[in-house]
Amino acid sequence: MANILLVANLNCDRIFNLNKPLKTGGRFHYKDGGQRLGGGGANTGIGLVWAGHQVTLVTEVGRDDVGDWLLAEASTQGINCSLIQRRAGATNEMLLMMTPDGERTIIRPERPIFELPIPPNWQTVDAFYINSSSEGAASWAKTAIEHCWVVAQLAKDERARPCHILLASLSDMQGRCEVPPWQFARSIAGESLQYFIVTDGENGATLYSEKQQQLVAALPSRVVDTTGAGDAYAAGLINGLVNKLTIIESMQEASIWSSHAVACESSIPGKGLKAYLTP
């Protein structure tokens, strides 16, 4: 069992199932799919709990009924919520527009600024994952990088993400990378970067390093809902790393996890992944 620390969001997803794909100026019918637990903290953390790891989440929610619900749901799933902070005011819902082909469009308000406290004792942590715009994440990563695996998602802006492994989707890269991918990743992650992984859905993921570029195939799957697929990929990768698999083996494991994620109608991992991890 590994001790894994996540700095990621915990969301209340409100689902709208649309009758056809979105396009500018269109009119759409929807069915209200209700609310469900989501966000990178839940989507990444729950699978890692099922894999037998101790998972601690660092984030912030409002001091309201929705915030209470999020903490209760995440705790029930086995995530350690002791480091989650509460802020005054409401916890805003994330609006997910789901189309019949399984794709989703996310609409959310601007998040309040969340400032991380003093870093933890990294001697007790095996992997640290960043998927949040919280203030201080880069400082935490710099202090962690000599002690444990540091894995980070590429931010929506060009902020620094010191890490050993930087993750991005091909859509994240559109219009942002005017230099070779490895050079771009080093400008974000710094000299500690060992690998840059760019995922592209059913087309697999490309691994970049200082000396190589390699495509790792995706596992074929029936796409029901793409929500949380990138988070599941990150979780599978981290599970491979802490179990001392090679980077290619870890990417293959990540592909299995994400294939289960897209095959279920949920933000968080579904029964398929749980069955895979707990036979």
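Per residue, the chain exposes 49 Å² of accessible surface when a 1.4 Å probe is rolled over the protein heavy atoms with every protein chain present. For residue 87, the shell of other residues with beta-carbons less than 9 Å away shows a net charge of +1, using +1 for Lys and Arg and -1 for Asp and Glu.
Against the empirical curve 2.2 N^0.38 Å, the C-alpha radius of gyration of segment 108-248 lands at a ratio of 1.05. Charge tally around residue 163: other residues with Cβ under 13 Å, Lys/Arg +1 each, Asp/Glu -1 each, net +2. Legend: calculated FRET efficiency, residue 210 to residue 31, from the Cβ-Cβ distance at R0 = 51 Å, rounded to 0.05, equals 0.55. Once Lys and Arg get +1 and Asp and Glu get -1 on their Cβ, which of 223, 100, 15 lies farthest toward the positive end of the dipole of the chain? So the residue we want is 100. Accessible surface ranking for 192, 209, 1.4 angstrom probe, highest first: 192, 209.
Provide the net charge surrounding residue 241, with neighbours chosen by a C-beta distance below 10 Å and charges set as Lys +1, Arg +1, Asp -1, Glu -1. Walk me through the intermediate numbers first.
Details: positive: 244; negative: 126, 249, 253.
Local charge sum for residue 241: -2.
In this label model, residue 108 and residue 133 are separated by 0.9 nm, measuring between points 7 Å along each Cα→Cβ vector.
Rolling a 1.4 Å probe over the protein heavy atoms leaves residue 5 with an accessible area of roughly 10 Å². Here is what passes the span test in the chain: the DSSP H helices with alpha carbon length of 18 Å or more along the helix axis and a Kyte-Doolittle mean of 0.5 or above are 229-242. Surface listing: 49, 151, 179 arranged by accessible area from highest to lowest gives 179, 49, 151, probe 1.4 Å.
Using a simple spin-label model with pseudo-atoms 7 Å out from Cα toward Cβ, residue 24 and residue 1 lie 5.3 nm apart. Evaluating 6.51 cos²θ - 1.76 cosθ + 1.60 at θ = phi - 60° for every residue in segment 116-125, the Karplus couplings come out as 5, x, 4, x, x, 7, 6, 4, 9, 10 Hz, glycine and proline recorded as x. Under 14 Å from the 7 Å Cα→Cβ point of residue 245, by amide nitrogen: which residues of segment 179-215? In segment 179-215, the label zone of residue 245 (backbone N under 14 Å from the point 7 Å along Cα→Cβ) covers 205.
For segment 141-221, the list of GluC sites (Glu not before Pro) that fall in a loop by DSSP and count at most 12 other C-beta atoms within 10 angstrom reads 146, 158, 178, 191, 210. By accessible area, using a 1.4 Å probe on protein heavy atoms only, segment 1-135 has 48% of its surface on carbon and sulfur.
Give the range of the longest stretch in the chain that excludes all trypsin sites (Lys or Arg not before Pro) found in loop regions by DSSP and having at most 16 other beta-carbon atoms within 10 Å.
Details: sites that count: 23, 27, 63, 156, 159, 176, 211, 222, 244.
Longest stretch, sites excluded: 64-155.
The values are calculated or read from the model by the stated rules, or taken from the named source; none is laboratory data. Since the model is a prediction, treat every value here as computed from it, not as a measurement. Neighbour counts are summed over all protein chains in view; Cβ atoms, including those assigned to glycine, are modelled from backbone coordinates with ideal geometry. What goes into the accessible areas is simple: the full protein's heavy atoms, side chains included, and nothing from ligands, DNA or RNA. Shrake-Rupley method; radii C 1.70, N 1.55, O 1.52, S 1.80 Å.
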